[in-house]
Amino acid sequence: MADVLRNVDFFNLDELLTPEERMTRDTVRQFVQREVLPVVERHFANETFPLDLVPRMAELGMFGANLKGYGCVGMNNVAYGLIMQELEAGDSGLRSFASVQSALSMYAIYAFGSEEQKNRYLPEMARGKLIGCFGLTEPDHGSDPGGMETRARRDGTGWVLNGTKRWITNGSLAGVAIVWARTDDKIAGFLVEKGTSGFTTRDIHGKFSMRASVTSELILEDVRVPDSARLPEARGLGGPLSCLTQARYGIAWGAIGAARTCYNCALDYTRSRRQFSRVLAGYQLVQSKLVRIMTEITKAQMVCLRLAQLKDAGRARPEHVSFAKRNNVAMALEAARLARDMLGANGIVNEYPVIRHMLNLETVNTYEGTFDVQTLILGRDITGENAFE
Amino acid sequence: MKILVPVKRVPDPATTIRVLPDGSGIATDNVKWVINPFDEIAIEEALRIKEKQGGEVVLVAVGQQTWQEQLRTGLAMGADRAILVRSEAALDTLAIARLLAKIAEEQKPDIIILGKQAIDDDSNQVGQMLAEMLGWPQATFASKVEFQDRKCTVVREVDGGLETVAFDLPAIVTTDLRLNEPRYASLPGIMKARKKELKEIPADSLGVDLTPKLKIKKLDPPPKRQAGRKVASVEELVQVLHNEAKVI
């Protein structure tokens, strides 16, 4: 199969990218082509994360790429988005790793940490020597993180944490966990290092989706941390929610990558497979599906480019990001399902990447704010009515 | 060691090339442009030499302003600076070799490393012409390059095997496919490339005769491949190979 990572660029949007942005995209695409695609099906089959790729990703500068200083590359948000797009063209699990490391963990420290915390953690995380995870979701609190049950109790000069976090990407891989907990007056964030007494993790198995990614439970039983482990600038639920906005931004781009791989695969397949008197791509039903995917990918690309411009200008609202996450992931999921359908029986085996992307995207549709939650965010924005409760 | 690496901009090898209806060239809309893959190998080799023994890697290209993008990619891989000899007109290999010889006289590199050929016109001429003009030794189709003081040893890929040659610097080396695997431009490298020097020189300011000696009259797309044919038995296959294809 020829080059499933190739561009889909019906409107010559490449012209709107700077040479540096194109170069960044090409670098990550080459990395995925040479180092990810050859191993990803094996990792998905074995339910393992390709940990040996982390030093390479760090060396190429992919972690915290849109953060400035502290050993981060300091690229703009277009370049950051393109990195996510290319990683997810390989596998959503790989992009998830990068998202959690960069947009959730590093960003939380970058935005809400003390100078000392930033200097201690960010350069190590940019170098891939230290992996982070982000503990917000709990077994009983997904879409309503405000209802969290994890508690942080004052104990002398420090804190004692108790509670359980679930569905935490990179949980057991992480050297530092950002744990959000309820204090007497507000929700606060704490940096809990691996090995801290009372802090354990347990991996979640039996996943049919995101199998090349580690998903864990974090268990906190009387975990004592000093006050210097608290993120001093995070005050209330706005802290973790702003991290989610960063992650959603990367997901909106990433989904295009997954959709693109599925589309390229379906296009190549239907142009070469003959049934009855002609190639599949010669039938109207098949063309209708291909055109639908190509159209939706193109629209999603335009949304992301505009969103990136707004974000770089400091004018992107969280609702803009919700729009892009909601639209692009739903688009990618539909693209993957249509591509799966066009590949027929071949669409269900791992000889082709389509079924893997399709299964992964079910997770992407749900995590970092479900499709329906994004709908409510946008509904509230345009009507002024809060439909959450 | 000061290393000069001439670079050419070519269509991405993965691009589907369409010949214009009048045969005057190829359709360039929506073509992705990249560094000639053999030149990329030359850049990689130059960077490895520099990492081992210090020095400077200077890129040079002869082309239009848009070629800056490929030079920037080379700078992002790690080259120190770049020179773009600006020419709006497409030049033939002889004119390009003359311009590069001028640049070499001015820059005085210890070695010039370049691709054995460009993947667009497959001329395989510039390195050899350059060696003749400068009066320097040349080692083409290199698959291994080693140094000892001012001596260079190159293993060449020749028909039927490998040939090892040794010569004194300064010299010309052209790269073959198996010399190395080029690195990607890292993201920090891309950011650093922003600040590196990229100097433009007009081609007609170098006092070189650029009159084309070669004219491309017409391009034709390769003929469509004939469909294969099925044979019923091994006996028939052997018959066909012997009597029709005449290969056994």
Out of A:Thr27, A:Thr18, sole residue that is at the interface with another protein chain (Cβ under 10 Å from one of its Cβ atoms), touching a Phe, Trp or Tyr at 6+ places or on another chain (Cβ under 9 Å) and either crowded, with 16+ Cβ neighbours inside 10 Å or under 25 Å from B:Gly74 (Cβ atoms) (or both) = A:Thr27
Quick one: in segment B:73-97, which of the residues that are among the small types (Gly, Ala, Ser) and farther than 25 Å from B:Ser123 by Cα is nearest to the chain's Cα centre (by Cα)?
-> B:Ala79
Cβ-Cβ below 6 Å, separation at least six or inter-chain, first residue in segment B:1-25 and more than 14 Å from chain A (Cβ to nearest Cβ) and within 13 Å of B:Leu219 (Cβ to Cβ), second part of a loop (DSSP other than H, G, I, E, B) and not hydrophobic (A, V, I, L, M, F, W, C): which pairs?
-> B:Val19/B:Pro221; B:Gly23/B:Lys218
Restricted to segment B:26-52, and to residues that are at pLDDT below 95 and within 14 Å of chain A (Cβ to nearest Cβ), which residue is nearest to A:Asp9 (Cα to Cα)?
-> B:Asn30
Among strands (runs of 3 or more DSSP E) completely within segment B:123-170, the ones holding 2 or more residues that are basic (Lys, Arg) are B:151-158
Being surrounded by fewer than 24 Cβ atoms within 10 Å (Cβ to Cβ), in contact with a strand residue (DSSP E or B) (Cβ under 9 Å, 6 or more places away or on another chain) and at pLDDT 95 or above narrows it down to one of A:Val160, A:Val179, so name that one.
-> A:Val160
Filtered residues of segment B:195-218 (kept if surrounded by fewer than 12 Cβ atoms within 10 Å (Cβ to Cβ), within 30 Å of A:Tyr80 (Cβ to Cβ) and in contact (Cβ under 8 Å) with a residue 60 or more places away in the chain) | B:Glu197
For segment A:203-210, indicate whether the set of residues that are of a type in the set (A, V, I, L, M) and touching a helix residue (DSSP H, G or I) at 6+ places or on another chain (Cβ under 7 Å) is non-empty.
-> yes
Given the conditions (1) modelled with pLDDT under 95; (2) within 16 Å of A:Ala177 (Cβ to Cβ); (3) not charged (D, E, K, R), and given that A:Ser197 satisfies all but one, which numbered condition is not satisfied?
-> (1)
Qualifying positions in segment B:181-228 - out of contact with any Gly (no Cβ under 9 Å at 6 or more places or on another chain), assigned to a loop (DSSP other than H, G, I, E, B), under 19 Å from B:Val5 (Cβ atoms) and within 14 Å of chain A (Cβ to nearest Cβ) | B:Glu181, B:Pro182, B:Tyr184, B:Lys196
Name the residues in segment B:94-122 that are among the aliphatic types (A, V, I, L, M) and farther than 14 Å from B:Met133 by Cβ, would you?
-> B:Ile111, B:Ile113, B:Ala118, B:Ile119
Which condition number does A:Ser209 fail, the rest of (1) at pLDDT 95 or above; (2) touching a Lys or Arg at 6+ places or on another chain (Cβ under 6 Å); (3) part of a loop (DSSP other than H, G, I, E, B) being met?
-> (2)
Among residues belonging to segment A:6-15 that are in a helix (DSSP H, G or I) and touching a helix residue (DSSP H, G or I) at 6+ places or on another chain (Cβ under 9 Å), point out the one that is farthest from the other protein chains (Cβ to nearest Cβ).
-> A:Leu13
State the number of residues belonging to segment B:53-72 that are under 17 Å from B:Tyr184 (Cα atoms), over 15 Å from the mean Cα position of the chain (by Cα) and facing chain A (nearest Cβ under 10 Å).
-> 2
Out of (1) crowded, with 19+ Cβ neighbours inside 10 Å; (2) without any contact (Cβ under 8 Å) to a residue 12 or more places away in the chain; (3) of a type in the set (S, T, N, Q), the one B:Gln148 does not meet is (1)
B:Leu75 versus (1) over 30 Å from B:Gln148 (Cα atoms); (2) touching a Lys or Arg at 6+ places or on another chain (Cβ under 9 Å); (3) within 14 Å of chain A (Cβ to nearest Cβ): which is the lone unmet condition?
-> (1)
Looking only at residues in segment A:58-73 that are more than 9 Å from chain B (Cβ to nearest Cβ), not in a loop (DSSP other than H, G, I, E, B) and not basic (Lys, Arg), which one is farthest from A:Asp26 (Cα to Cα)?
-> A:Gly69
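One line per residue, one yes/no per condition, for (1) touching a Phe, Trp or Tyr at 6+ places or on another chain (Cβ under 6 Å); (2) of a type in the set (D, E, K, R); (3) within 23 Å of A:Asn360 (Cβ to Cβ):
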{"position": "A:Leu67", "(1), (2), (3)": "yes, no, no"}
{"position": "A:Gly71", "(1), (2), (3)": "no, no, no"}
{"position": "A:Met75", "(1), (2), (3)": "no, no, no"}
{"position": "A:Val78", "(1), (2), (3)": "no, no, no"}
{"position": "A:Leu82", "(1), (2), (3)": "no, no, yes"}
{"position": "A:Glu88", "(1), (2), (3)": "no, yes, yes"}
{"position": "A:Asp91", "(1), (2), (3)": "no, yes, yes"}
{"position": "A:Ala98", "(1), (2), (3)": "no, no, yes"}
{"position": "A:Ala108", "(1), (2), (3)": "no, no, no"}
Considering segment A:74-91 alone, what residues qualify as being charged (D, E, K, R) and away from chain B (no Cβ under 13 Å)?
-> A:Glu88, A:Asp91
Restricting to segment A:19-57, what's the tally of residues that are in contact (Cβ under 8 Å) with a residue 60 or more places away in the chain and either outside any helix (DSSP H, G or I) or in contact with a Ser or Thr (Cβ under 6 Å, 6 or more places away or on another chain) (or both)?
-> 4
Given the residues A:Ala332, A:Ala345, which is the only one that is within 25 Å of A:Arg42 (Cβ to Cβ), without any contact (Cβ under 8 Å) to a residue 12 or more places away in the chain and part of a helix (DSSP H, G or I)?
-> A:Ala345
Take A:Leu220 and decide whether it is surrounded by 14 or more Cβ atoms within 10 Å (Cβ to Cβ), part of a strand (DSSP E or B) and more than 22 Å from the chain's Cα centre (by Cα).
-> yes
Being of a type in the set (A, V, I, L, M) and either touching a His at 6+ places or on another chain (Cβ under 6 Å) or within 14 Å of chain B (Cβ to nearest Cβ) (or both) narrows it down to one of A:Ala108, A:Ala126, A:Ala103, so name that one.
-> A:Ala126
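The values are calculated or read from the model by the stated rules, or taken from the named source; none is laboratory data. What you see is a predicted model; the values in this text were computed from it and never measured. Heads up, the Cβs are rebuilt from the backbone with ideal geometry, glycines too, and the neighbour counts pull from every protein chain shown.
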